[in-house]
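Following: one structure in structure tokens, then a few remarks.
Read the figures in this text as sums done on the coordinates, not as results from a lab. Just so it is clear, the model here is predicted, and its values are computed rather than measured. Virtual Cβ from ideal backbone geometry, glycine too; neighbours counted across all protein chains shown.
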Amino acid sequence: MYLTHCETKRDLALIAASAIVNRLLEYLIVAVGLSTSVAILFLSYSVPTLISGFMVLVLIGTLIYLTILLFLALSKRAAEIITSTGRRLMRTLRLRKSISSATEENSKASLETFYDGFKTFRQNPKWLVIPIFFQLSWFFLNYLAYVLVFDALGYAGISFGFLIVVYFIASAFKGRLRVFR
């Protein structure tokens with residue numbers, strides 16, 4: 001986001017809103033696919049308790065993360081809560097002895113721009129058509145990579161359903177790891 005800000009000279013809060021919308025679209029696809037995959041897995045196969053518990057935990061984590069992103073995108077209060085929590089944490093950890101009124105004003109102005117960035121997408125949903133198209137293309141190309149990997153390993157006759165399950169489970173794990181980086 002910083003490099004985009006330096007290159008375009010656009011407001012960082014607006015760039016952050018765009019990045020969260022991108023992550024929201026990505027996780028929406030992963031959450032729907034993972035939910036479907038877990039349902040297929042439980043209905044079609046006898047899954048050991050340890051694995052099913054782990055899968056449900058990953059699904060719950062993905063849905064919680066998606067809920068937080070949706071809350072951030074749809075509620076002006078969410079960004080205020082996150083910012084005030086950050087300020088309280090900074091005061092508690094004494095990272096800043098005092099927060100100046102200029103910093104508070106900058107923070108409020110950034111939050112307003114951040115929320116306005118989401119408002120732009122809410123008022124013009126047609127602007128999301130191309131990003132959704134690219135996210136779905138990303139999904140299909142990644143899925144094709146899994147098909148080709150299994151084919152290269154000599155497993156050419158694997159069902160579409162099995163590959164979907166493997167793909168979304170792997171995507172959810174990759175996504176969880178990316179969040180913690």
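Please compute the modelled spin-label separation between residue 170 and residue 137, points set 7 Å along Cα→Cβ, answer in nm with one decimal.
2.2 nm
Could you check the simple spin-label distance between residue 87 and residue 42, using points 7 Å along Cα→Cβ, in nm with one decimal?
Going from the residue 87 label point to the residue 42 one covers 4.3 nm.
In debye to the nearest 20, how big a dipole does the chain give about its Cα centre with +1 on each Lys and Arg Cβ and -1 on each Asp and Glu Cβ?
Roughly 760 debye for the chain.
Mean separation of Cα pairs under 8 Å and 6+ residues apart, divided by the residue count of the chain: what relative contact order is that in percent?
It comes to 37 percent, rounded to a whole number.
Going by how many other Cβ atoms sit within 10 Å of their own, how do 116, 151 line up, fewest first?
Values: 116 15, 151 12.
Result, fewest neighbours first: 151, 116.
Taking H as built 1.01 Å from N, whose amide H comes closer than 5 Å to the amide H of residue 10, not counting residues under 5 places away?
Here nothing satisfies the definition.
For the chain, what does the helix formula give at 222 nm: sum of -39500 (n - 2.57) over DSSP H segments with n ≥ 4, over the residue count, nearest 500 deg cm²/dmol?
Helix-only estimate at 222 nm: -29000 deg cm²/dmol.
Rounded, prolate or oblate: which fits the chain, taking a ≥ b ≥ c as square roots of the Cα gyration tensor eigenvalues, rounded meaning a/c under 1.5, else prolate when a/b beats b/c?
Note, shape of the chain comes out prolate.
Once the Cβ-Cβ distance between residue 54 and residue 2 is put in as r, and R0 is 35 Å, what FRET efficiency do you end up with, to the nearest 0.05?
0.45
Report the one residue of 83, 55, 14 whose Cα lies farthest in the direction of the positive end of the charge dipole of the chain (charges on C-beta: Lys and Arg +1, Asp and Glu -1; origin at the Cα centre).
Going by the charge dipole, the pick is 83.
Return a single number: how many Lys pairs in segment 2-179, at a sequence separation of 8 or more or on separate chains, have alpha-carbon atoms below 22 angstrom apart.
Numbers: 9/108; 9/119; 76/108; 76/119; 76/126; 97/108; 108/119.
Lysine pairs meeting both conditions in segment 2-179 amount to 7.
Taking each full run of DSSP H in the chain as one helix, which ones are at least 18 Å long along their axis (Cα atoms) and have mean Kyte-Doolittle hydropathy of at least 0.5?
12-44, 49-74, 129-152, 160-179
Hey, rough spin-label estimate for residue 151 and residue 64, points 7 angstrom out along Cα→Cβ, what's it come to in nanometres?
Placing both labels 7 Å along Cα→Cβ, they lie 3.9 nm apart.
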